[in-house]
Amino acid sequence: MVHLVIVIIQKTKAKIQRQLPGWYRENARELPWRNTRDPYAIWVSEVMLQQTRVGTVIPYYQRWLAEFPTIQSLAEAEEDQVLKAWEGLGYYSRARNLQAAARIVVERHQGSLPANLQALQELPGIGRYTAGVIRSIAFNQPAPILDGNLRRVFTRVFNISTPIQASRTEKVLWEIAEDLLPKSDPGDFNQALMELGALVCLPKKPLCDRCPLAGDCQAHHLELQESLPRRKEKAPLPHLQVAAAVILKGGQVLLAKRPPEGLLGGLWEFPGGKQEENETLQETLTREIREELNLKVEIGAFLGKYQHAYTHYKITLHAFYCRQVSESLQLNYHTESSWVPLEELENYPLGKIDRLIARQLLSE
């Protein structure tokens, strides 16, 4: 497969390098991060765009740069302020890594993002792809990139039939990305490939009649575009039942802050946890509050049921009004706790489900 792909690349390389930039100039969307060469702004946009739609990212990107216009301002911000600005984008480790990296850049690089590959990849959250985006778009260096759009385009153009998740496929795709990249205007070429995948070479029903590479696309000639890229079948996601406590006292509600590592790290939440085998939801909640906060609570009325899917599992969360019975509170899992007036809940960074609970509380 590798030898055949190399032969096809050599035959079509010059043509692809010639045709794609012209198509991009005529068809590229107007996006705010395309109006700058500021490495910081480009870095922020790429981190936000990871696993998030462009339309969702645009307002977050604009608000973020208004609130944290420089790497220095991000480095100096409070974590809660950063997480609050990120709230709703999900994958919160991206925000934590951005701030951790900003602090390193201030400390080691005088507040300017480095152009060197090794220095970039030493920063939290920056891998080979993000480093390639920054180097090619912000610094005009011939650095290859490989994201979901490029994987799909390359797999189809060069008829790569091995599963997209396979390590050998990944190696071949990176070699293609490097071999195709021109020395002049590498950033525009990389953006053209991403734009082609976003607008034309779609995951389903690709618009081959609009594609500038259709004449050289092996999958198009063989009518395989609908079946590529090939993927290994995924196991169904586990579905967890979770209970959460809305503990009220004198117009205030108890929030607890999750540890910085792991899922939703650093966010505040209504405490609780997952249901174990042969437990009722009320038993789950009693146990979890005792284990996490050393509190005894009296469980009251059912508040609501909420569903959400994370990367590796789905949850259905059941929220209950609760009343604190014991006085002592000890943090065995969380890093902080706070009795928050209901009208101030909007000021705390919460995950999606906890925000829904907060809004329901305020509406009632």
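So which residues in the range 75-87 are over 12 Å from residue 64 (Cβ atoms) and surrounded by fewer than 18 Cβ atoms within 10 Å (Cβ to Cβ), if there are any at all?
If the condition is that a residue be over 12 Å from residue 64 (Cβ atoms) and surrounded by fewer than 18 Cβ atoms within 10 Å (Cβ to Cβ), then 76, 78, 79, 80 are the ones that fit.
Which of the residues that make up the range 107-136 are among the hydrophobic types (A, V, I, L, M, F, W, C) and over 20 Å from the mean Cα position of the chain (by Cα)?
Filtering the range 107-136 for residues among the hydrophobic types (A, V, I, L, M, F, W, C) gives 113, 115, 117, 119-120, 123, 126, 131, 133-134.
The answer is 113, 115, 117, 119.
If you check 103, 96, which single one turns out to be modelled with pLDDT of 95 or more, within 16 Å of the chain's Cα centre (by Cα), closer than 13 Å to residue 74 by Cβ and in a helix (DSSP H, G or I)? Let's see the steps before the verdict.
Values: 103 fails: within 16 Å of the chain's Cα centre (by Cα).
Only one candidate passes the filter, namely 96.
Between 163, 260, 236, which is assigned to a loop (DSSP other than H, G, I, E, B), in contact with a Gly (Cβ under 6 Å, 6 or more places away or on another chain) and of a type outside the set (A, V, I, L, M)? Spell out how you get there, then give the answer.
Working: 163 fails: in contact with a Gly (Cβ under 6 Å, 6 or more places away or on another chain); 236 fails: in contact with a Gly (Cβ under 6 Å, 6 or more places away or on another chain).
None of the other options fit; the residue is 260.
Based on this model, can you work out whether residue 5 counts as modelled with pLDDT under 95 and buried (at least 17 other Cβ atoms within 10 Å of the Cβ)?
Values: modelled with pLDDT under 95: yes; buried (at least 17 other Cβ atoms within 10 Å of the Cβ): yes.
Here the answer is yes, as residue 5 does meet what is asked.
Looking for something over 26 Å from residue 194 (Cα atoms), more than 15 Å from the chain's Cα centre (by Cα) and touching a residue at least 40 places away in the same chain (Cβ under 8 Å) - is there at least one such residue anywhere in the range 29-48?
Step one: list which residues in the range 29-48 are over 26 Å from residue 194 (Cα atoms), which gives none.
The answer is no; no qualifying residue exists.
Is the range 42-55 home to any residue that is farther than 30 Å from residue 185 by Cβ and of a type in the set (Gly, Ala, Ser)?
Checked against the condition, which is being farther than 30 Å from residue 185 by Cβ and of a type in the set (Gly, Ala, Ser), the range 42-55 yields no hits at all.
Just the residues that are in a loop (DSSP other than H, G, I, E, B) and surrounded by 17 or more Cβ atoms within 10 Å (Cβ to Cβ), please, taken from the range 116-140.
Step one: of the range 116-140, the residues in a loop (DSSP other than H, G, I, E, B) are 116, 122-127, 139-140.
Hits for the range 116-140 are 123, 125, 126, 139.
Restricting attention to the range 217-258, and to residues there that are under 31 Å from the mean Cα position of the chain (by Cα) and acidic (Asp, Glu), which single residue is nearest to residue 325 (Cα to Cα)?
Here the answer is 233.
The values are calculated or read from the model by the stated rules, or taken from the named source; none is laboratory data. None of these values were measured; they are calculated from a predicted model. Backbone-built Cβ (ideal geometry, glycine too); neighbour counts: all protein chains shown.
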